[in-house]
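Written below as structure tokens is the structure these notes are about.
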Amino acid sequence: MLFLVAPLALAFSLAACGDDDAKPTPGPTVASTATTAAVTTAPSATSFATSTRLAPTPAAAGTVDALGPGDTETKTVKAQPGAFSGQALLKDVRMGVHPELGGWDRIVFEFSGPNLPPSTTGYVATASQCGSGALVTLKGAAVLNVRFSQAAAHDQAAQPTFAPKVLPGPGTTILEAKASCDFEGVVSWAAGTKGKQPFKVTTLQNPSRLVIDVKQ
């Protein structure tokens, strides 16, 4: 009997180990997205690290759309919802970095309320101030311009709803970003990048945001 106990114990031990190894290991969850042309809409709310400080920007929360590598083509986003009156107020502009898919720099434009104004994002030869036409000087070898219509960055008392006009870059691709217009329903920002890197445009709700991810 003593000789039979040890083999039986060993058999039960090996069977238990086999059950643990068979269990799947949970992996990272990627939010399901719907893509229209080069623009992806993700309804879930996501918080991002702010970069209004001069300290190094930590990695931002959230994920980068895994569908497609991005490109350098100009991207147009329609208003969300499709029709709204008045102007959407710019509440915040912030930047962060993402390590996944080879690394991305991110810039986020957040608006008050449920309305996201229509926008156009693309590379331009130069950026200029909308009132004076003065050239906007930026660090980097390329300029990525973001233009919103039916938008404002000030309230009815002419007080800015987002005060900083210059933000330092968060990583290695977006070197800095500057406000270039807040006039007659147009708000625009220009970002200096290290080159014409592929980028993606994503819209998020609750709160309303336009998210631009630029490949490192």
Tell me which residues, restricted to the range 166-186, are within 19 Å of the chain's Cα centre (by Cα) and either more than 18 Å from Val214 (Cβ to Cβ) or assigned to a strand (DSSP E or B) (or both).
-> Val166, Leu167, Pro168, Ile174, Leu175, Glu176, Ala177, Lys178, Ala179
Identify the residue in the range 96-135 that is surrounded by fewer than 19 Cβ atoms within 10 Å (Cβ to Cβ), of a type in the set (A, V, I, L, M, F, W, C) and in contact (Cβ under 8 Å) with a residue 24 or more places away in the chain and, among all such residues, is nearest to Glu73 (Cα to Cα).
-> Val124
When (1) at pLDDT 95 or above; (2) under 15 Å from the mean Cα position of the chain (by Cα) are applied to Pro207, the one that fails is (1)
Only one of these conditions is not met by Gly140: (1) modelled with pLDDT of 95 or more; (2) over 12 Å from Lys200 (Cα atoms); (3) not in a loop (DSSP other than H, G, I, E, B). Which number is it?
-> (3)
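Give the residue, chosen from Ala152, Ala142, that is crowded, with 22+ Cβ neighbours inside 10 Å and of a type outside the set (Ser, Thr, Tyr).
Values: Ala142 fails: crowded, with 22+ Cβ neighbours inside 10 Å.
None of the others qualify; the one that does is Ala152.
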Say whether the condition of being in a strand (DSSP E or B), of a type in the set (Gly, Ala, Ser), surrounded by fewer than 23 Cβ atoms within 10 Å (Cβ to Cβ) and touching a Phe, Trp or Tyr at 6+ places or on another chain (Cβ under 8 Å) is met by at least one residue in the range 199-212.
-> yes
The one condition in (1) in contact with a strand residue (DSSP E or B) (Cβ under 8 Å, 6 or more places away or on another chain); (2) of a type in the set (S, T, N, Q); (3) within 22 Å of Lys78 (Cβ to Cβ) that Asn206 fails to fulfil | (1)
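With the structure loaded, tell me whether Gly195 is part of a loop (DSSP other than H, G, I, E, B) and at pLDDT 95 or above or whether it fails that test. Quick ask: steps written out before the conclusion?
Numbers: part of a loop (DSSP other than H, G, I, E, B): yes; at pLDDT 95 or above: yes.
Considered against the rule, which asks whether it is part of a loop (DSSP other than H, G, I, E, B) and at pLDDT 95 or above, Gly195 comes out as yes.
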Of the numbered conditions (1) within 28 Å of Pro99 (Cβ to Cβ); (2) at pLDDT 95 or above, Pro170 satisfies every one except a single condition; which is it?
-> (2)
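The values are calculated or read from the model by the stated rules, or taken from the named source; none is laboratory data. Given the structure is predicted, the values throughout are model-derived calculations rather than measurements. Note: ideal-geometry Cβ built from the backbone for every residue, glycine included; neighbour counts use all protein chains shown.
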